[in-house]
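Below is one structure; the comments refer to it alone.
The values are calculated or read from the model by the stated rules, or taken from the named source; none is laboratory data. All values reported here derive from a predicted model rather than from experimental measurement. Positions of Cβ are generated from backbone atoms using ideal geometry, with glycine treated the same way; all protein chains shown enter the neighbour counts. For accessibility, only protein heavy atoms count, side chains too; no ligands or nucleic acids. Shrake-Rupley method; radii C 1.70, N 1.55, O 1.52, S 1.80 Å.
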Amino acid sequence: MAYETIIVEIEDEIALIRLNRPEALNALNSTLITELSEALTEADRNDKIRCIVLTGSEKAFAAGADIKEMSQKSFVDVYDEDLFGPQIDAIGRIRKPIIAAVSGYALGGGCELAMVCDFIIAAENAKFGQPEINLGVIAGIGGTQRLTRFVGKAKAMDMNLTGRFMEATEAERAGLVSRVVPTPKLIPEAMAAARKIAEKSQLTVKAVKESVNRAYETTLREGLLFERRSFHAMFATEDQKEGMAAFLEKREAQFRDR
Ligand code: CAA
């Protein structure tokens with residue numbers, strides 16, 4: 001499918017989705033966020049895709065929601081259309097893993113979009129921030145909620161109240177990103193991580209994603225019970241038999257997603 005604001009490539013069962021509005025540093029306008037949620041939903045449905053990498057350009061993952069498009073909107077406009085809500089919720093429901101490969105600016109909605117993904121690999125030049133306060137608004141798609149869960153109250157307050165940017169090394173230290181790599185290695189590293197995931201049984205990949213996400217949505221007791229039952233459920237799969245037999249026979253497992 002041809003899109004106006006994103007580029008989708010499929011390689012080795014990985015969908016590589018690039019945000020592509022260079023003139024606006026990949027700011028999220030209504031076309032981009034709608035196309036992105038459609039492309040991700042399509043990738044989720046496509047049996048030939050086992051993992052997704054979401055990236056921007058070297059200068060910007062995304063510099064936030066599109067300020068030009070939003071500036072004249074009223075409360076009634078944004079409330080009535082539920083600005084960003086349906087698309088971000090749809091992205092949050094994707095069952096396949098999404099790796100955010102972040103280079104350059106990930107600000108406002110850009111930082112929030114990266115946080116909706118399953119984990120973030122950052123280039124050394126990445127800069128994260130929630131500068132909405134400078135525009136007379138607050139974060140609207142997770143910058144006060146997901147960021148607080150990822151980096152804790154002190155840093156989330158600091159970022160949201162001062163609007164300062166966080167460099168990649170600080171973001172890694174704080175737990176916002178899983179790894180930092182030299183900028184030219186970002187896409188190869190993210191694709192290699194995606195290929196590793198693509199080798200696994202897709203049943204277990206889905207179960208891991210569901211179970212880790214539970215940690216953000218429920219109590220520890222409920223989360224642990226969910227994890228234990230999911231672990232038990234894996235014993236109903238052929239891939240559990242294959243994975244354990246392969247270990248005992250000292251060979252590579254051949255998973256069949258069954
Ligand atoms: N919306 C619309 N256009 C944007 C944009 C945005 N968020 N960010 C950058 N652009 C545009 C600029 O207007 C500029 O366009 P023109 O050439 O037509 O003037 C172009 O991208 C290049 O930007 P700059 O010239 O500003 O580039 P720079 O290198 O000097 O600065 C920057 C880069 C620090 C990222 C700066 O562009 C910036 O501060 N951008 C805004 C960041 C921001 O405030 N994001 C939060 C948005 S609100 C939000 O996201 C709400 C939410 O939670 C959902």
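What the table shows:
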item	result
Residue among Glu35, Glu42, Glu11 that is open to solvent by less than 60 Å² (accessible area, probe 1.4 Å) and either among the polar types (S, T, N, Q) or away from the ligand (no atom under 13 Å from the Cβ) (or both)	Glu35
For Ile52: the one exception among (1) part of a helix (DSSP H, G or I); (2) more than 9 Å from the ligand (Cβ to nearest atom); (3) open to solvent by less than 10 Å² (accessible area, probe 1.4 Å); (4) of a type outside the set (Ser, Thr, Tyr)	(1)
Any hit, the stretch 79-92, residues being of a type in the set (Phe, Trp, Tyr), within 10 Å of the ligand (Cβ to nearest atom) and more than 15 Å from the chain's Cα centre (by Cα)	yes
Qualifying residue in the stretch 100-108 (condition: touching a residue at least 60 places away in the same chain (Cβ under 8 Å), in a helix (DSSP H, G or I) and either within 15 Å of the ligand (Cβ to nearest atom) or out of contact with any helix residue (DSSP H, G or I) (no Cβ under 7 Å at 6 or more places or on another chain) (or both))	no
Where Arg149 falls short, out of the listed (1) farther than 23 Å from Arg18 by Cβ; (2) within 11 Å of the ligand (Cβ to nearest atom); (3) open to solvent by 70 Å² or more (accessible area, probe 1.4 Å)	(2)
Every pair of residues 6+ apart whose Cβ atoms lie under 7 Å, when the first sits in the stretch 20-41 and is without any contact (Cβ under 8 Å) to a residue 40 or more places away in the chain while the second is charged (D, E, K, R)	Ser30/Glu69; Thr31/Glu4; Leu32/Arg21; Glu35/Glu4
Number of positions in the stretch 81-90 that are surrounded by 14 or more Cβ atoms within 10 Å (Cβ to Cβ) and not in a loop (DSSP other than H, G, I, E, B)	3
Residues (farther than 12 Å from Ile88 by Cα, assigned to a helix (DSSP H, G or I) and among the charged types (D, E, K, R)) located in the stretch 11-40	Glu23
Test: residue in the stretch 120-133 that is touching a helix residue (DSSP H, G or I) at 6+ places or on another chain (Cβ under 7 Å), more than 11 Å from the ligand (Cβ to nearest atom) and open to solvent by 10 Å² or more (accessible area, probe 1.4 Å)	yes
Selection from the stretch 134-146 of residues that are of a type outside the set (S, T, N, Q) and either at pLDDT below 95 or loosely packed, with under 14 Cβ neighbours inside 10 Å (or both)	Gly136, Val137, Ile138
Selected residue (criterion: least open to solvent (accessible area, probe 1.4 Å)) from residues of the stretch 55-80 that are part of a helix (DSSP H, G or I) and farther than 17 Å from Gly110 by Cβ	Val78
Hey, Ala236 exposed (fewer than 14 other Cβ atoms within 10 Å of the Cβ) and over 30 Å from Ala123 (Cβ atoms) or not	yes
